[in-house]
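The values are calculated or read from the model by the stated rules, or taken from the named source; none is laboratory data. Note that the coordinates shown come from a computational prediction; the quantities given were computed from them, not determined experimentally. For neighbour counting, all protein chains shown are included, and Cβ atoms are generated from backbone atoms with ideal geometry for every residue, glycine included.
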Amino acid sequence: MKFCHFFDSAPILNVPGRMHPVDVFNIEHEVEDYLEEALTAVYHILLFEEDQGHILVFLTGEEEIERACHALRTDSRFDDDFVVLPLYSALAPQDQQRVFDTRASQRKVIVATNIAETSVTIPGVVYVVDCGYSKQKVFLPHARAETLLVQPISKASARQRAGRAGRTRPGKCYRLYSAAAFVELPEANRAEILRTSITQVILQLSKLGVGNIVDFPWIDPPPSDTVIRSLEELESLGALTPQLHITPLGIQMSHLPLDPNLAATLLQAHEEGCTKQLAAIIAMLSVPKLYIKGDRDSDVTAERAQSHFKVRDSDHLTLLKIYNYYVQACTGDVNGELSMKLMEDGCRAGRDFCAKYKLHEKSMRQVARIRFQLLQILQGLQLPTPGMQAYDYDDMGYSIAVRRALCRGMFMNVACLVEYEYVQPIDGHRFQLHPSSCLKRTDDWIVYHEAIVTQQNYLRICSQIERQWLQELAPQFVQTLKTMAPSDAVRAVVCNAFPAI
């Protein structure tokens, strides 16, 4: 109805899908631990339900899913009566594919995130266990960070989940919440524009000539603080004037399918002579599933394998090193370029390299295609695309050029070391380095790709920078740091770092 009203009462067409009847059962008592309750529901189905169809269990995330799978596999009441299969986006493709294998006669218990809600249809599912929750990525404008929140699902999602049980024959859905709780659920999922950063959207609107962003007629108006933070970021990056008109740099940034800070970084990388390196790094950051996930033992093996690429002062350089070594495996030259055929089809050497270091081979080919696309866009804008020869990633000249280039566009993503924690110097939010980072907690200033707010706040994909670079490359931002430091401790660090400003 929202779209109908927005577009002048446009007609609504309803095309119902065909499905078998699904009986829905609600739990009427209060559920304290939905994971334990989900396991209880699975045990009930295995022990008392006659139909031997597959069971699909909806949980919220990878950790919960692996715990549930372990509990089901080690239950002494069942021998080889069924096979337990996890399903989530970070799982290796061959492990995901086992869910859809129709050749095996064994009964399946599939434990999945909401990836199984609408994206896929699993043959033979007769029973669904719905925990009633999902993880949603939410942008926090005050911290310029994202967090994964476990939130109740909507009525639309609940119906979708129940419908998974009626695809091939009549089924049953066990909801781990009451009928009254279902009535209280929102009708539909919260619009993505209300829970994500809209900086890139505002840049595109500015390019189209929309002057008054605040009064723009959104279908779902984003929070005002999100809009204000986005405008401030674009002005700081030089994409908008103080009067909120788009600049020549902003127009160039709008041609790149990237977050504005990454677009600004890439556009200015030629100043350091390393555009090709930054294109590879940004491409690596743009692909969500680089590493193969498995059980805990294989994850330890993967971490040991990937430690071969670690560069002490930069997670970004670590990503670049992985990409260059993949190129070397495919072409025999660490400074080589992949042909279009290699980008599309890959090669045996590339597949062997990815298998050895627990990388998704398809993802690495996608990285190569994204890098190629970014460089093509820059060439179309008549911009230089210089690169450096890769020999020693710890070489200070090579390392400094890349880290200075990152500092040019990502200066708003800086953090300083204050009392053994990293602090955003404007907002005052405190973070730890993510456990996967190559950095040690000894660098005074760092630039980061992603801030994550969970039970423990983390900065992910970080590189060490020198305070002099900030003073040289972003003097106005440094002045803002001094005037807007959120605490005496942060102000002391900033004033000590930039005494002349």
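Considering only residues of region 414-452 that are among the polar types (S, T, N, Q) and buried (at least 21 other Cβ atoms within 10 Å of the Cβ), which is farthest from ALA143 (Cα to Cα)?
Narrowing region 414-452 to residues among the polar types (S, T, N, Q): 424, 432, 436-437, 442.
Applying the additional criterion that residues be buried (at least 21 other Cβ atoms within 10 Å of the Cβ) yields 424, 437.
Working: GLN424: 8, SER437: 20 Å.
Here the residue is SER437.
For region 209-232, which residues satisfy the criterion of being over 22 Å from the mean Cα position of the chain (by Cα) and within 17 Å of ARG195 (Cβ to Cβ)? Talk me through it step by step, then tell me what you get.
First, pick out the residues of region 209-232 that are over 22 Å from the mean Cα position of the chain (by Cα): 209-221, 224-225, 228, 231-232.
Those that are over 22 Å from the mean Cα position of the chain (by Cα) and within 17 Å of ARG195 (Cβ to Cβ): TRP218, ILE219, ASP220, PRO221, SER224, ASP225, ILE228.
Residues ALA355, ALA329, ALA368: which one is exposed (fewer than 14 other Cβ atoms within 10 Å of the Cβ), in a helix (DSSP H, G or I) and of a type in the set (A, V, I, L, M, F, W, C)?
Matching residue, one of ALA355, ALA329, ALA368: ALA355.
Among the numbered criteria (1) among the aromatic types (Phe, Trp, Tyr); (2) in a loop (DSSP other than H, G, I, E, B); (3) in the same structural domain as ALA116 (by TED's automatic domain parsing); (4) over 18 Å from GLN136 (Cβ atoms), which one does TYR174 miss?
Condition (2) is where TYR174 drops out.
Out of region 101-157, which residues are among the polar types (S, T, N, Q), surrounded by fewer than 20 Cβ atoms within 10 Å (Cβ to Cβ) and under 19 Å from TYR174 (Cβ atoms)? Spell out the reasoning first.
Looking only at region 101-157, we keep the residues that are among the polar types (S, T, N, Q), and these are 102, 105-106, 113-114, 118-119, 121, 134, 136, 147, 151, 154, 157.
Cutting the leftovers down to surrounded by fewer than 20 Cβ atoms within 10 Å (Cβ to Cβ) gives us 102, 105-106, 118-119, 121, 136, 147, 151, 154.
The answer is SER154, and nothing else.
Residue check: is ILE213 touching a helix residue (DSSP H, G or I) at 6+ places or on another chain (Cβ under 6 Å) and more than 21 Å from HIS142 (Cα to Cα)? So that I can check it myself, show each step before the final result.
Details: touching a helix residue (DSSP H, G or I) at 6+ places or on another chain (Cβ under 6 Å): yes; more than 21 Å from HIS142 (Cα to Cα): no.
When the stated conditions are applied, ILE213 does not pass them.
Which residues, counting only those in region 119-150, are touching a residue at least 60 places away in the same chain (Cβ under 8 Å), part of a strand (DSSP E or B) and under 28 Å from ARG460 (Cα atoms)?
Those that are touching a residue at least 60 places away in the same chain (Cβ under 8 Å), part of a strand (DSSP E or B) and under 28 Å from ARG460 (Cα atoms): TYR133, SER134, LYS135, PHE139, LEU140, ALA145, GLU146, THR147, LEU148, VAL150.
Looking at the structure I just gave you, is GLN204 over 30 Å from GLY336 (Cα atoms) and modelled with pLDDT of 90 or more?
yes
Name the residues in region 158-167 that are surrounded by fewer than 19 Cβ atoms within 10 Å (Cβ to Cβ) and in contact with an Asp or Glu (Cβ under 7 Å, 6 or more places away or on another chain), would you?
GLN160
For THR301, state whether it is at pLDDT 85 or above and among the hydroxyl-bearing types (Ser, Thr, Tyr).
Working: at pLDDT 85 or above: no; among the hydroxyl-bearing types (Ser, Thr, Tyr): yes.
It is false that THR301 is at pLDDT 85 or above and among the hydroxyl-bearing types (Ser, Thr, Tyr).
Take the residues in region 453-501 that are among the hydroxyl-bearing types (Ser, Thr, Tyr) and in contact with a His (Cβ under 7 Å, 6 or more places away or on another chain); name whichever of them is surrounded by the most Cβ atoms within 10 Å (Cβ to Cβ). Walk me through it before giving the result.
In the first step, residues of region 453-501 are kept if they are among the hydroxyl-bearing types (Ser, Thr, Tyr); the result is 454, 458, 463, 480, 483, 487.
From what is left, the residues that are in contact with a His (Cβ under 7 Å, 6 or more places away or on another chain) are 458, 463.
Details: TYR458: 20, SER463: 26.
So, considering only residues that are among the hydroxyl-bearing types (Ser, Thr, Tyr) and in contact with a His (Cβ under 7 Å, 6 or more places away or on another chain), the one surrounded by the most Cβ atoms within 10 Å (Cβ to Cβ) is SER463.
Evaluate region 262-273: report whether one residue or more is in a helix (DSSP H, G or I), in contact with a Pro (Cβ under 6 Å, 6 or more places away or on another chain) and modelled with pLDDT under 95. It would help to see each step written out before you state the result.
Within region 262-273, the first condition is being in a helix (DSSP H, G or I), and the residues that meet it are 262-272.
Add one more test, that the residue is in contact with a Pro (Cβ under 6 Å, 6 or more places away or on another chain), and what stays is 270.
Subsequent filtering for residues that are modelled with pLDDT under 95 retains 270.
Yes, region 262-273 contains a residue that is in a helix (DSSP H, G or I), in contact with a Pro (Cβ under 6 Å, 6 or more places away or on another chain) and modelled with pLDDT under 95.
On the given criteria, is ALA116 assigned to a helix (DSSP H, G or I), under 22 Å from GLN151 (Cα atoms) and among the hydrophobic types (A, V, I, L, M, F, W, C)? Let's see the steps before the verdict.
On the way: assigned to a helix (DSSP H, G or I): yes; under 22 Å from GLN151 (Cα atoms): yes; among the hydrophobic types (A, V, I, L, M, F, W, C): yes.
Spelling it out, ALA116 is indeed assigned to a helix (DSSP H, G or I), under 22 Å from GLN151 (Cα atoms) and among the hydrophobic types (A, V, I, L, M, F, W, C).
Which residue out of LEU383, LEU359 is among the aliphatic types (A, V, I, L, M), closer than 16 Å to LEU278 by Cα and out of contact with any helix residue (DSSP H, G or I) (no Cβ under 6 Å at 6 or more places or on another chain)?
Details: LEU359 fails: closer than 16 Å to LEU278 by Cα.
One residue alone meets the criteria, LEU383.
Among (1) outside any helix (DSSP H, G or I); (2) free of Cβ contacts under 8 Å to residues at least 12 places away in the same chain, which single condition is ARG190 missing?
(2)
At least 2 residues that are closer than 23 Å to SER230 by Cβ and in contact (Cβ under 8 Å) with a residue 40 or more places away in the chain in each: list the strands (runs of 3 or more DSSP E) lying fully within region 397-447 that qualify. Walk me through how you get there before you give the answer.
Details: elements: 414-418, 421-423, 430-433.
Output list reads 414-418.
In this structure, does GLY428 turn out to be at positive phi and touching a helix residue (DSSP H, G or I) at 6+ places or on another chain (Cβ under 9 Å)?
Numbers: at positive phi: yes; touching a helix residue (DSSP H, G or I) at 6+ places or on another chain (Cβ under 9 Å): yes.
Taking the combined requirement at face value, the residue satisfies it.
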